[in-house]
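Here is the structure we will look at.
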Amino acid sequence: MPNATPPREGLRGVRVRITARDIALGQRRDCGSCPVALALVRHLADGYYAQVGNVEVDIFASCGGHKRLVDVIRLPDKAVKFIAGFDRGAELLAKPFAFNLPLPIEALRRKVGHKGT
């Protein structure tokens, strides 16, 4: 199995930063409130959310009470190892870190003041 989702059309690479605050507020074994999910949501536009599994993240769009799966993205090994440790209760040993992840362009938050937005 590949280390992470390879670049492809419709995806844009982002730098996901798991902060000390994400680690402190993150919930073990909670796909929508773990530190990785908390960090990912900062990149997502309104109406989109992430559910983080052991090895991948599902990106959903939500509208009018309906949800639509937008994409499934394989997490890099660094994130997979962090999630496994955090879910086992090693959050006290967890340290902030970052990784690159391709996310669906349609789900990305637009930067304020950016040309063309």
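Would you mind stating whether Ala37 is modelled with pLDDT of 95 or more, among the aliphatic types (A, V, I, L, M) and within 17 Å of Phe97 (Cβ to Cβ)? Criteria met by Ala37. Restricting attention to region 78-117, the residues that are modelled with pLDDT of 80 or more, closer than 27 Å to Gly47 by Cβ and aliphatic (A, V, I, L, M) total 8.
Remark: Ala50 falls outside the filter, which requires a residue to be in a helix (DSSP H, G or I) and either of a type outside the set (Lys, Arg) or within 24 Å of Glu9 (Cα to Cα) (or both). When Phe82, Phe97 are checked against the criterion of being more than 10 Å from the chain's Cα centre (by Cα) and surrounded by fewer than 18 Cβ atoms within 10 Å (Cβ to Cβ), Phe97 stands alone in meeting it. The condition of being out of contact with any His (no Cβ under 9 Å at 6 or more places or on another chain) and touching a residue at least 60 places away in the same chain (Cβ under 8 Å) holds for only one of Asp71, Asp87, that being Asp71.
The values are calculated or read from the model by the stated rules, or taken from the named source; none is laboratory data. Please read all numbers here as calculations on a predicted model, not as lab measurements. Please note: Cβ atoms are built from the backbone with ideal geometry, for glycine as well, and neighbour counts cover all protein chains shown.
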